[in-house]
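What follows is a short report on a single structure.
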Amino acid sequence: MTNPYAAFLDGGKDPLEVIRSTAARLADAVHAHDAATLDRNPAPGKWSVRKILCHLADCEVVFAFRLRQALAEDRHVMQPFDQDRWAMSYAAYEAPAAVAVFSSVRRWNLAFIGQLKSEDLARPVNHPERGDMALRTIVETMAGHDLNHLRQIAAILM
């Protein structure tokens, strides 16, 4: 399985439309709720909305690097990361700051993706845990990852 988030794109959702809309959806969630609500853990061992937002900001930085390396290197091998270890620093970050980082880097990534040609999107890359894929799969993974966490956020805020 090259994209563990592919199921979230079921029904033919356009990955570019998804990634274009996510920042606004996250901003809406933050503006509609107070800090205490965003920091509430939904269950033991589960992330709060604030922690999910921090994770999304971190992942957007990771995606930025992966996209650019996939274009710059032949058969780039992506570096996996331990999201739980990264999350150990999330107490230092506020939800609005996480959304601001995500939104800024996402705009940067959308500009990068927008100038890619079809042959760029077909460039082969490798993820040590997921196998060989095309650069296009990174974009699809971004979209599925967004939808997964947007659903989690919506469920927590119900």
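Observations
- Condition check for residue 28: out of contact with any helix residue (DSSP H, G or I) (no Cβ under 6 Å at 6 or more places or on another chain) and either under 23 Å from residue 109 (Cβ atoms) or surrounded by fewer than 17 Cβ atoms within 10 Å (Cβ to Cβ) (or both): yes
- Residues satisfying the stated conditions in the range 1-35, i.e. of a type in the set (Asp, Glu) and either closer than 24 Å to residue 112 by Cβ or touching a strand residue (DSSP E or B) at 6+ places or on another chain (Cβ under 9 Å) (or both): 14, 17
- Selected residue (criterion: surrounded by the fewest Cβ atoms within 10 Å (Cβ to Cβ)) from residues of the range 36-79 that are in contact with a strand residue (DSSP E or B) (Cβ under 7 Å, 6 or more places away or on another chain) and in a loop (DSSP other than H, G, I, E, B): 75
- Filtered residues of the range 80-114 (kept if of a type in the set (A, V, I, L, M), more than 26 Å from residue 50 (Cα to Cα) and surrounded by fewer than 15 Cβ atoms within 10 Å (Cβ to Cβ)): 111
- Remark: pairs (first residue in the range 40-60, without any contact (Cβ under 8 Å) to a residue 60 or more places away in the chain; second residue in a loop (DSSP other than H, G, I, E, B); Cβ separation under 7 Å; 6+ apart in sequence or on different chains) = 41/48; 50/39; 54/93.
Computed from the coordinates by the stated procedures, all read-outs in this text should not be read as laboratory data. Computed from a predicted model, the values in this text were never measured in an experiment. Don't worry about glycine lacking a Cβ; one is built from the backbone with ideal geometry, like all the others, and counts go over all protein chains shown.
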